[in-house]
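What follows is a set of notes on a single structure, which appears directly below.
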C-alpha cells in the first residue's frame, strides 16, 4: 500500500490531524487524500515553483505553517489582503480546497 | 501493489528502465507503466516531469520532441521589441533527462496505432505505450491561405507564432525596415493560440518604433469584430502610450496575400500594403493529432474528458494544451497547458494503477502581457470541474484583469516565466 508513504511522512512532521480534517469534507471517495492536496497545490507551482519552492520573484509556500497559508488565502479571498493576481485567484478555490492545499504545502520541506 | 508492478513488467521492459535510472532508489526493479509524451512544449514537458516525479520514478516516460531546446512563446514578443534575446526565452531539456530520468528522443512522431499502442517516429523507430499523451501545439491551416504554402512565401511573410527561428527572422525584418515604414499584423478569427498575444506583439513592435523609429506605424488587422482579450487595457495603451503609432482595425478577415508586394487582402475591407507583413494564419491542432485520429471538433481541435484529458474518441490517448477543444472561457495558453499536464499526469498515474482519476480537477490561468518593456497587464481565471455539465467551468467572481498597466506586475511576469520554465523543465 504505497499510498501510506506520504501520510506517514506527514504524521512524522505532526500534520496528520490537520490533513485528515482538511480532506474529509470535500474530497470525493475515489480520490486518495494525499493526492488531492498535492494536485491542488500543483495549480500554484507555475508561479510559486514546483512543490512550492520558488526559483525567485514569488514567495515559496513549501514548509509554511498550514494556518498561515490558510489565513493568507482567506484574507485574499475576502478582500482583506490586497494584491494583483492572488485576490482574484483565491476567490476561485473552495474553503476545503484551501485547507487541502495548505496542508500539503505545510508538509513539504521548506527551501534552504 | 507489488503484484501489479510485476504484471506491468510483462509489458514494459524492466531491464531497460532499471538501466536508465541508476540514481533512483525508490523505483524498485519494475516499471509501473510506459507513457510516451509527444511534444516538449508547456504541456508535454510538464507532463513528462510530473509523471516521473509523482510516480517516484516508477513510470517509464519517453518524450518525443524534434527541437533541441525549449523556446518559450510567452516573453518571445519582447525579442521582437528588442528588450530580450532569443537566448533569454530558451531553456534546455537536460534536467528532464538528468534529474527526472525522462527518456528524450529527438524526433518527430508521424503515426499512432491506438490498437497496437505504438507511436511511429520519422526515423522509423516505433515506441510502445500504455498511455500516450499528445501535446502537439498548433499547426497552420495553409489550405485556407494557399499562397503561403511554399517555404519561400513563409520566409518572407512570417507568422512567428511558434517561438524560435521565425522570431529572430521577424526581429531582423523590423530592424531592416526604414523609419516611416508600416508593420502590419493580421489576426485570425478566434480560437487561436494565445488570445492576447497578437495585441501584446503590436505593443512590443510599437515600443521598438517609439524608441528607434518614431515615424513608423503598427497596423493591427483583426479578423475578429473586437480585441479578443484585455480589450480595454490594450486600447488604452494604443490611445495613450502608443498614440500616433498603433492603429486598430477590426473585421479584417484575411483571404489572400500578395507575397511580392507584401499586400494583405480581406473579405470586406480594402487591401493593405505593408513594409513588414506578419500573418498569423488560422490554426488547428498539431498534425500528429490528425494522424492519431483525435481531432473531433470542426476538423480542427481535440475533444477531451477534462478529468483525464483522454481523447473522447481514442482510448489511451490523451491530448493537452492548445490542441484541445477548450471549454468556455478557457484560453489556449502556455499556463493552461502546464495546468492540463498536471491534471493529466495525476489521472494517468491513477489509471495505470487501476484506479479512477480524481473527480475534482482545478485549472487556473494567469496571463501577463507586456505593454512596454517593463509595464504589464494581466488576466487571470480559475476553472472547476462541473460534474453535471462534464466540463470545466470558470468560477464566477474569481479571476479578473489588472486595473491598469504597471511595473510591479512586470516583475511578477518575469518571475512567472522563470518559475513556470522551472516547473516544466527543471
### Task
Would you calculate the separation in nanometres between label points at residue B:95 and residue A:68, each defined as 7 Å from the Cα along the Cα-to-beta-carbon direction?
2.4 nm
### Message
With an 8 Å Cα cut-off and a minimum separation of 6 or more residues, compute the relative contact order for region B:142-282 in percent.
### Response
32 percent
### Task
Evaluate the distance, in nm, between pseudo-label points positioned 7 Å from the Cα of residue B:142 and of residue B:118 along their respective Cα→Cβ axes.
3.0 nm
### Query
Roughly how many nanometres apart are two label points built 7 Å out from the Cα toward the Cβ at residue B:316 and residue B:226?
4.8 nm
### Task
Would you mind checking the tilt of helix B:2-11 against the longest principal axis of the Cα atoms of chain B, expressed as 0 to 90 degrees and rounded to 10?
70 degrees
### Message
Just to be sure I understand: of the beta bridges DSSP finds with both ends in region B:142-282, what percent are antiparallel, rounded to 5?
### Response
30 percent
### Query
Based on the alpha-carbon gyration tensor of region B:142-282, what equivalent-ellipsoid semi-axes (square roots of 5 times the eigenvalues) come out, in whole Å, largest first?
21, 18, 14
### Query
If one computes the Cα centroid of region B:50-94 and of region A:59-75, what distance in Å separates the two points?
29 Å
#### Entry: Fewest-first ranking of B:355, B:171, using other Cβ atoms within 10 Å as the exposure measure
B:355, B:171
### Task
Run through the DSSP bridge list for chain B and note the antiparallel percent, rounded to the nearest 5.
55 percent
#### Entry: Helix axis angle, B:42-54 relative to chain B longest principal axis, alpha carbon, degrees
30 degrees
### Task
Counting helices only, and only those DSSP H runs with n ≥ 4, report the 222 nm mean residue ellipticity of the protein assembly as shown as the sum of -39,500 (n - 2.57) divided by its residues, in deg cm²/dmol to the nearest 500.
-10000 deg cm²/dmol
#### Entry: For chain B, built as a Gaussian network whose Cα springs stay under 10 Å, the top-fluctuating residue of B:331, B:191, B:68
B:68
## Note on the structure
Relative to the compact-globule estimate 2.2 N^0.38 Å (N residues), the Cα gyration radius of the protein assembly as shown stands at a ratio of 0.97
### Task
Sorted from largest down, give the three principal axis spans of the alpha carbons of chain B, whole angstrom values.
72, 45, 41
## Note on the structure
Contour minus Cα-Cα span, residue B:172 to residue B:149, at 0.36 nm per residue, comes to 6.1 nm
## Note on the structure
Comparing B:385, B:412, B:50 in a Gaussian network model of chain B (Cα, 10 Å), the one with the largest mean-square fluctuation is B:412
### Task
Considering Cα pairs under 8 angstrom that are at least six residues apart, work out the relative contact order of chain B and quote it in whole percent.
17 percent
### Query
Order of B:249, A:38 from fewest to most other C-beta atoms within 10 Å?
B:249, A:38
### Task
Measure out, as a whole number of angstrom, how far apart the alpha-carbon centroids of region B:158-210 and region B:373-415 sit.
24 Å
### Query
With a 10 Å Cβ neighbour count serving as the proxy for reagent exposure, in which order, fewest first, do B:344, B:367 appear?
B:367, B:344
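Bear in mind these aren't lab numbers, they're just calculated from the coordinates by the rules spelled out. Only a predicted model underlies this, so the values are computations on that prediction, with no experimental measurement involved. Note that we place each Cβ from the backbone using ideal geometry, even for glycine, and neighbour counts take in every protein chain shown.
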